[in-house]
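A.B. asks: Handing you this structure, nothing more for now.
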Amino acid sequence: MAYVISGACISCGACAGECPVGAISEGDGKYEINPDTCVDCGSCAGGCPVGAISQG
Ligand code: SF4
Ligand code: SF4
């Protein structure tokens with residue numbers, strides 16, 4: 001399963017720069033991870049200031 005971003009996201013954008021495959025983009029009110037692109041590396045999760053990213 002790909003990683004997912006919860007509603008706790010404050011759209012800081014930090015995670016997008018951490019993703020090696022460009023799977024994270026700004027969505028409607030929060031950032032979103034494209035499950036077809038995400039390779040489950042986990043790099044984005046540790047950098048989120050509000051802990052909004054988890055493995056789905
Ligand atoms: Fe990108 Fe890795 Fe996060 Fe998936 S787990 S969105 S590949 S940084
Ligand atoms: Fe949202 Fe966390 Fe990504 Fe910032 S790092 S945009 S709070 S998911």
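The values are calculated or read from the model by the stated rules, or taken from the named source; none is laboratory data. A quick note: this is a predicted structure, and the numbers were derived from the prediction, not measured. Areas reflect the complete protein model, heavy atoms only, side chains present, ligands, DNA and RNA absent. Shrake-Rupley method; radii C 1.70, N 1.55, O 1.52, S 1.80 Å.
A.B. asks: Using helices alone, what [θ] at 222 nm do you get for the chain, with -39,500 (n - 2.57) per DSSP H run of 4 or more residues, divided over all residues and rounded to the nearest 500?
C.D. replies: My calculation for the chain gives -2500 deg cm²/dmol from helical runs alone.
A.B. asks: Per residue, how much accessible surface does the range 3-55 expose to a 1.4 Å probe? Answer in Å², no decimals.
C.D. replies: On a per-residue basis, 56 Å².
A.B. asks: What's the percent breakdown of Cα-Cα distances in the chain across 5 Å bins, shortest bin first?
C.D. replies: All Cα pairs considered, the percentages come to 4, 24, 39, 26, 7.
A.B. asks: If contacts are Cα pairs under 8 angstrom and at least 6 residues apart, what is the relative contact order of the chain in percent?
C.D. replies: About 50 percent, as a whole number.
A.B. asks: When the chain is fully extended, how far beyond the present Cα-Cα distance does ASP36 get from ILE10, taking 0.36 nm per residue of separation?
C.D. replies: Result for the pair: 7.0 nm of gain on full extension.
A.B. asks: In the chain, carbon and sulfur make up what percent of the accessible area (probe 1.4 Å)?
C.D. replies: Solvent-exposed carbon and sulfur of the chain make up 47 percent of the total.
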